[in-house]
Structure formats: structure tokens, C-alpha cells
């Protein structure tokens, strides 16, 4: 006998993500899900960002890694509360953060008074694209050292992201990366994706990223009031 | 890479959909869109690993892979996306909506008449 089921595998995740969303909304938090391959510079970008926001905008961080607290330790001195999630305390943990992990982290991160929350996902261009966690915006980072062909190899990540931070632009000329070809490849998978070029190391482009954050937070806040 | 958690999700949904707690399931059918990056072989491997300890013991996982289809927002043409380009083959527009390719769905279960009893 055939039993019809027709249920999406990620429904359970999306329900929890919606609950997370409500918790963030209740406190007026604007939430960024920051995704990239390992080594693209997510943590360095966050260091820069928190440094600039410190004293102006109250920020919190949920830090996702398979193992260890190296990233959380780097961010801890920057004045923002940081909660570390390890996807598995043993080797071979999950390759992404899911909504349940974020829900658990919310037991430790006091949302009250936070205006912006950054969720630094596990370094991976594949799986995090699939899992909603309750964010307002998905922001992906690609560094020029990874090559200009990545939009064609990881199209889903480029399709779901609301912003692409092109990092390590200070390395252009030293690595194989053709900026025009990269823009063309982005256009082939998601022509509406805005790109901000920056260098977290030198600080170039950070102003444009901060301006984007401020503008998008205002849009999200407006949407919440209407809703 | 995330096949383990996807497979656990499939099993949870399938077990929850059993018509009777003692139903014996011969197969579970799922649809996997090609854009998800989920590898069907890995999914079957995890299913073999995880299902014996569940009411789905003995069932096979049938995977239907769904191609990526696009719909051009500018010229309204529907097309297959089998190269790595999401641009419209008719007019070159990059503003393309996805019709399929992101499926991760449990479609149905096949149960046998036989009902397992006791141990």
C-alpha cells in the first residue's frame, strides 16, 4: 500500500527558525547569517565590524565551529557578548548551523538590548545555504584567493545570499582572480546580488559594509513595525 | 555533506507518517533537487546505517533526483539548467526564478500487507 507523505525534510528546521525569528523580533534584533568557505575572513571581518560598532551599536555574536573556541576567543575582547556553538564536541560534527543550534544558543545570549546579532556559520559554501536559522539577511563572504569561478561551483549559496562581501581585495594581482570574469559569473547565477569589495586586513571597503548594515537594519525594522 | 542530518529528517518524517505503529515499510520515496547538492548515494548509505534501529528496518530508500528548471522573469520561457549558468537561453536575462531543483521532500511510503507483531 502506498502512503502519501509529501513533507519537506527541512520543515522541522524552518519551524524552529520561525520561532528564533520571533525571539529576535521581540527584542528588535537585526540578525545576519554570515557564511563562507573556511579561511575567507569571516572572523576578521567581524573583528573589524565589532570594533567599528563598539560604543555606537550594541552587537552580539553567535559563533559556529565544528570544534574549539578559537574564533570566540578572538572576538571576546571587542565588547560584544559572544556565544560559541560547537556543532559536535567530538570530531566529525555537522558542517552547518541549523535552527535548533541557534535556539539552544539563545539560552546563553541575552538578546535584551542587542540591536544586531551576527551568526558566524561553519566554514562551508554548500550546506549552510540550505538551513534557515531565523536570520534577517544572509551575507556570504568570498575571498579573491578562492578564485573567480566559485559562483558557478556553489550556485545555491550565491542564489540565497542577500549580499556578497568580496574580501582580501588587497591580494588582487597576487592571486589568480579576474574581477570582470567574477562579476560575469555572479551575474550568471544571481544578477541581483550586490557585491561589496573589501579588505578586512586593511579596512578598505568596511565603510560600505557598515552603511549596508545600517540601511538593511532600518528596512528590517520598518518591516517589523508594519507587520 | 549534510546528508546525515537530511537522512535523519527523512526517517523522522517517514516514521511519523506510518499508518499504524506496526506497519512494515518496504520503501521510502524521496525527491532530491539537484541544486541542493545532496548526494543520493550518501543518503542511501546513511539510510542503511540509521534505519535498522527504527520502524523502517528493512526498507529501501528510493531517490528521485529532480533537475533544475528555471523560468525567465523577463521573457517567460521555461528551461532546464544543466550547465552552470542560470541565465535565460532565449533572451540572456539573469533574472530567473527556480521552478525546481531545491526539493528535499519525503513523497511516500510503500507498506506491505504483512504486519509485524510482537518482537
Using Cα atoms only, what is the angle between the long axis of helix B:3-16 and the major principal axis of chain B, expressed in degrees (0 to 90) to the nearest 10? 60
Would you please put A:201-212, A:118-129 in order of how densely packed they are, using the mean number of other Cβ atoms within 10 angstrom per residue and starting with the highest? A:118-129, A:201-212
If you take each beta carbon of peptide A:184-191 and count the beta carbons of other chains within 10 angstrom, what is the mean? 4
In peptide A:8-18, what is the residue-averaged number of other protein chain Cβ atoms found within 10 Å of each Cβ? 4
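As a test of the formula, what do you get for chain A when each DSSP H run with n ≥ 4 contributes -39,500 (n - 2.57) and the sum is divided by the residue count, at 222 nm and rounded to the nearest 500 deg cm²/dmol?
One gets -11000 deg cm²/dmol as the mean residue ellipticity at 222 nm.
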Computed over chain B: longest principal axis from alpha-carbon atoms vs helix B:40-50 long axis, angle to nearest 10 degrees, is 20
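Computed from the coordinates by the stated procedures, all read-outs in this text should not be read as laboratory data. Owing to the predicted nature of the structure, the values given are computational and were not obtained by experimental measurement. No Cβ is skipped: glycine too gets one built from the backbone with ideal geometry, and neighbour counts run over all protein chains shown.
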